[in-house]
There are 2 protein chains.
Amino acid sequence: MEITKRELINFKDRNFPKQICFKPIGIIHTPFKTIKGIPIQSSMSNQKGTIEIFPEYKSGLKDLFEFSHLYCLYFFDMVKLPVPLQSKPFLDNKIKGVFAIRTPFRPNPIGISILQILNVEENKIEVNNVDILDYTPILDIKPFVSEFDNVKTHKIGWLKDRIKYKIS
Amino acid sequence: MEITKRELINFKDRNFPKQICFKPIGIIHTPFKTIKGIPIQSSMSNQKGTIEIFPEYKSGLKDLFEFSHLYCLYFFDMVKLPVPLQSKPFLDNKIKGVFAIRTPFRPNPIGISILQILNVEENKIEVNNVDILDYTPILDIKPFVSEFDNVKTHKIGWLKDRIKYKIS
């Protein structure tokens, strides 16, 4: 049965969830077969990869090729829980709160990468700027829209003066 | 027992997950009590709200106040699954693939908002640019780093000429 209607639950049935479960919509194939050597940010990578969307979600890719970049949301499936709530980030040697760093070792190990779209064909998206381990489960794909998503910040905390290079 | 070590699972134990489950780390309080009138993007909102991080995760907020903006990842808990894989976005009247639009009605209803940090005190983060329904479960908070996250795009697909205004 094809689903055509977007529906909300009733407000009276709204309960704060104890647990939130998702099904992966795909898998990413990348050159990074081990943890070592993975770029720490997508903006620091010029490696290519392929997001394979599972066949049942393929029709959701319509029109995506019209965008140059996407947000890829994925699950850091190699992370052992629980994680420390404070630790040292890759680019500094002082202990920080986990919500002030971008480590994969997070209470909910969700990753975000901004990837350039090179091609969309059938159920596959070829992408650039990959900083993701091979075979990582994909949670969501959204179009990146610079008009919405590029934000002028005035403080980048401990990262100030620690960002040395950037490719894209 | 305090967790101090970041650990990976063994590669030999790696299995592609059928389901990925998370526990909310907090809840957001916003002026939007119903779906009507919620701005369609955080960059189009100047409404304020408060992210309440649950006490057990409070120490993860250390150093976050040093940043001016954060990524807030949350669960669109009002969405009834399954959703259509193609539908009309808010800003156009042609049918698009769900991964080429930013509707909350997604196979995995995860939202991303870029919010300005106004204050961090105890387990609460006061934020600006809120486009999120009151009482929405929060999945993750990451520092937004313009040097990493502002990306120059060359194509924004069907959204070209459809973006009329932006506040921040």
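We did not get these values from a lab; they are worked out from the coordinates using the rules stated. Every value quoted in this text rests on a predicted model; they were computed, and no experiment measured them. Every residue, glycine as well, gets a Cβ built from its backbone with ideal geometry; the counts of neighbours run over all protein chains shown.
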Over 16 Å [Cα-Cα, the stretch B:19-137], rounded percent: 63 percent
So which residue, out of B:Ile101, B:Ile141, B:Ile20, gets the largest mean-square fluctuation from a GNM of chain B using Cα contacts under 10 Å as springs? B:Ile20
For A:Val83, B:Val130, B:Val151, what ranking results if the residue with the fewest other Cβ atoms within 10 Å of its Cβ goes first? B:Val151, A:Val83, B:Val130
Given label points at 7 Å from Cα along Cα→Cβ, what nm distances, shortest first, separate A:Phe90 from the same residue in every other copy? 3.3
Positive end of the charge dipole of the stretch A:28-145 (Lys, Arg +1 and Asp, Glu -1 on Cβ, about the Cα centre): tell me which of A:Ile51, A:Asn119, A:Leu139 has its Cα farthest that way. A:Leu139
Given +1 on the Cβ of Lys and Arg, -1 on the Cβ of Asp and Glu, and no further charges, what dipole in debye does the stretch A:28-145 carry about its Cα centre, rounded to the nearest 20? 680 debye
Residue-wise HN-Hα coupling along the stretch B:50-63, computed from phi with Karplus coefficients 6.51, -1.76, 1.60 (Hz; x: Gly, Pro): 10, 8, 9, 8, 4, x, 5, 10, 3, 5, x, 7, 3, 6
Pick from B:Gln19, B:Gln47, B:Gln86: which residue has the top mean-square fluctuation in a GNM of chain B where Cα pairs under 10 Å get a spring? B:Gln19
Gyration tensor on Cα atoms of the protein assembly as shown, a ≥ b ≥ c root eigenvalues, a/c under 1.5 rounded, else prolate if a/b beats b/c, else oblate, says rounded
In whole Hz and in residue order, list the ³J(HN,Hα) couplings for the stretch B:104-111 that follow from phi through the Karplus curve 6.51 cos²θ - 1.76 cosθ + 1.60, θ = phi - 60°; x for Gly and Pro. x, 7, 10, x, 10, x, 9, x
Taking the Cβ of B:Arg14 as the centre, find all other residues whose Cβ is under 12 Å away and add up their charges (Lys, Arg: +1; Asp, Glu: -1). 0
Per-copy distances of the B:Glu7 label point, shortest first, in nm (7 angstrom along Cα→Cβ): 4.4
Roughly speaking, what is the centre-to-centre gap between the stretch A:81-116 and the stretch B:26-42 when only Cα atoms are used, to the nearest Å? 27 Å
Residues whose built amide H sits under 5 Å from the amide H of A:Phe32, excluding neighbours closer than 5 in sequence, are A:Asp134
Across the stretch A:46-168, how many lysine pairs, 8 or more positions apart or on different chains, have C-alpha atoms separated by under 19 Å? Please give the number. 21
